[in-house]
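Accompanying notes for the structure given below.
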Amino acid sequence: MTSATNHRMTSTPPQVAPPLRLNLRPPGRRQRVLDGGWWPRSHDPGAELPDLIMALNASRGVVHHVMLDVDAWSATPRQLSVEGRTVLIGWVRSLDPQVISATYGNDDRLDLLVVPPRANMRRAAAALAVAADAGNTLRASDILRRLSIKLPASAAAELLSESVWETDGGRVPDTDDSALSQLS
């Protein structure tokens, strides 16, 4: 974008969204635990879900409904508007917190591993690859444990640790490992 003010030109580069961190198995018969993996940048569903839903719409068909674990996210909107369509968001406690489930118009379902936002890049990439592998038989949380990716107790706990990080000069806060070991 270019603007002229008092004979002076100012150029502002267009905003480019960072690439979506998503790895999907090719479409086919559903005889697997996971259909791929996704690595969001935060626990904010309003910021993260629209890009994921747009990518799924482009590759698999129109997403009508998404199911998430209520404790894994920082907010619980009931619907999102994506590409002029309303996508219903369901919140449950019975779903693995590290899974997002998307349903299409024909009732086909897609289950994705959700890698915690603060995961190490190399381990997160490995988790995405395993989740999209045709031979994978591991559940989402098992993949993360095997790759030593810490499972957050909840989105609220991870957000609290981020706020401690921001307010104490960047020191990693002491954590109670017994809470994390209960997830194992």
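Rule-based calculations on the coordinates, nothing more; no lab input. The model shown is predicted, which means the values in this text are computed figures rather than measured ones. Quick reminder, even Gly has a Cβ in these numbers, built from the backbone with ideal geometry, and neighbours come from all protein chains shown.
Where q = 0.10, 0.12, 0.20 Å⁻¹, what log10 of I(q)/I(0) comes from the Debye formula for the range 18-151, counting one point per Cα? Each listed q maps to, in turn, -0.28, -0.41, -1.23.
Between the amide H of VAL63 and those of ASN57, distances stay under 5 Å, these residues lying 5 or more places away or on another chain, with hydrogens modeled in the peptide plane. Charge tally for ALA58 (other residues, Cβ to Cβ under 14 Å; Lys, Arg +1; Asp, Glu -1): 0.
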